[in-house]
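*Asks:* Right, I'll just put the structure down here and ask away after.
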Ligand code: PMP
Ligand code: GLU
């Protein structure tokens, strides 16, 4: 079949007498290869695509200042690496239970008692291949055609795509820079319809860094209780909090919320373990069982070695988190100062995560010092990459036109040089 496909593809349309048989075969194969409606409309992850574009330029020898990807630039701590090596040597290289090792589930439960004073049972935990997979599991287990899922915008690229994959409809509720990109309780209440299944909250938020004040979280929680709406609280950036901001685990706000909340988190950000692919859900037992069933059919267990490494992360010394957080805090201060120095650039200060999200719309539709005129954030990012070799992610990817996202999970040296270039690109 591959041969016919290649032959058909190489048929040139300009040939005077087209090879009808090849064309027919091409059409036949194209028909066999037709994609499912859900996948046909699926776009690639814009964050990963932006990072790939920057990398491609780097491989051509260009010195690119890459602020695209949201992942710690720190190495996974040594004791976690050693635990993985020990696990391999001990022969833990086989399947584990599909929803994760009992020891890891216990370690996760213990960490929630230690950090937030909330008790979960191991049967409420499912360990997945990263938090992204955990979110996919939640949505697949709960949603289908006819359901609505409320997503405050700006939101992380994969949220709407993962909702759409289930056939459900994302209901986007825009938040504003003036409100710190925090969903207001009345906005949540107004978006609820009889079809609403779930609110997807992200606290602290990617891409805005907004961190929800506890009064607002509580008010959102009360509405969820009164109106019987489930809340998926994605808390992957829970440990990366700055300044006066405070993090509150959503399920701890009211005992009645425990039955209505699905917590999503993982080791990717807190322990600098993005490549190990360990995330989890904490949910009511029946839903956790359904998620485990789903995972047992789709992927089986997440990597056994990574699971042992995650146990070492959760149970070992926690000081590494603070060292990393303090370093991110310094970079955040620097980034905010540089942004304040850029005329007409506006932003809300991020309370958490490692992103600065700022509005550059004042620079659209007028010639930039390099001579180019851009009309939106996507064109802005392309021009910035091509001219100044600085890579950001367009706010269009997060449903926030006019904005761009900069990840400060990179060295101070890179940030300094990158901002010098951004400044020159904007002001000459
Ligand atoms: N949620 C949010 C808000 C994220 O930014 C990310 C990206 N890391 C994830 C989930 C997925 O995390 P993981 O790498 O563990 O899949
Ligand atoms: N969450 C990170 C980001 O937003 C990693 C990339 C991704 O998974 O989308 O950059």
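The values are calculated or read from the model by the stated rules, or taken from the named source; none is laboratory data. Here the structure is a predicted model, which is why all the values come from computation and not from measurement. No Cβ is skipped: glycine too gets one built from the backbone with ideal geometry, and neighbour counts run over all protein chains shown.
*Asks:* Here are the criteria: (1) over 16 Å from residue 108 (Cα atoms); (2) touching a residue at least 12 places away in the same chain (Cβ under 8 Å); (3) more than 19 Å from the chain's Cα centre (by Cα). Tell me which single one residue 293 does not satisfy.
*Replies:* It is condition (2) that residue 293 fails.
*Asks:* Can I ask one more? Does the range 116-148 hold any residues that are exposed (fewer than 15 other Cβ atoms within 10 Å of the Cβ) and either modelled with pLDDT under 95 or within 23 Å of the chain's Cα centre (by Cα) (or both), and which are they?
*Replies:* Across the range 116-148, the qualifying residue is only 144.
So that you can scan it fast, the table gives a plain yes or no per residue for (1) assigned to a helix (DSSP H, G or I); (2) touching a residue at least 60 places away in the same chain (Cβ under 8 Å); (3) in contact with a helix residue (DSSP H, G or I) (Cβ under 8 Å, 6 or more places away or on another chain):
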| site | (1), (2), (3) |
| --- | --- |
| 369 | no, no, yes |
| 374 | no, no, yes |
| 380 | yes, no, yes |
| 416 | yes, yes, yes |
| 422 | yes, yes, yes |
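*Asks:* Same structure again: Yes or no: the range 77-94 includes at least one residue that is within 16 Å of ligand 1 (Cβ to nearest atom) and within 24 Å of residue 407 (Cα to Cα). Can you show your working first?
*Replies:* Of all residues in the range 77-94, those within 16 Å of ligand 1 (Cβ to nearest atom) come to 80.
Next cut, within 24 Å of residue 407 (Cα to Cα) only: none.
For the range 77-94, residues within 16 Å of ligand 1 (Cβ to nearest atom) and within 24 Å of residue 407 (Cα to Cα): absent.
*Asks:* Next question, about the same structure. Right, residue 59: free of Cβ contacts under 8 Å to residues at least 24 places away in the same chain and either closer than 30 Å to residue 210 by Cβ or away from ligand 2 (no atom under 16 Å from the Cβ) (or both) or not? So that I can check it myself, show each step before the final result.
*Replies:* On the way: free of Cβ contacts under 8 Å to residues at least 24 places away in the same chain: yes; either closer than 30 Å to residue 210 by Cβ or away from ligand 2 (no atom under 16 Å from the Cβ) (or both): yes.
So residue 59 passes the test.
*Asks:* Would you check which residues across the range 120-149 are out of contact with any helix residue (DSSP H, G or I) (no Cβ under 6 Å at 6 or more places or on another chain) and more than 16 Å from ligand 1 (Cβ to nearest atom) and list them?
*Replies:* Within the range 120-149, 121, 142, 143, 144, 145, 146, 147, 148 qualify.
*Asks:* Taking the range 189-208, which residues are within 16 Å of ligand 1 (Cβ to nearest atom) and not in a loop (DSSP other than H, G, I, E, B)? Can you show your working first?
*Replies:* Residues of the range 189-208 that are within 16 Å of ligand 1 (Cβ to nearest atom), as a first pass: 198-208.
198, 199, 200, 201, 202, listed by residue number.
*Asks:* A further question on this structure: Name every residue in the range 389-403 that is away from ligand 2 (no atom under 13 Å from the Cβ) and closer than 18 Å to residue 345 by Cα, in order of residue number. Break it down into steps so the answer makes sense when it comes.
*Replies:* The first filter runs over the range 389-403 and keeps only residues away from ligand 2 (no atom under 13 Å from the Cβ), leaving 389-390, 396, 399-403.
Within the range 389-403, 390, 396, 400, 401, 402, 403 qualify.
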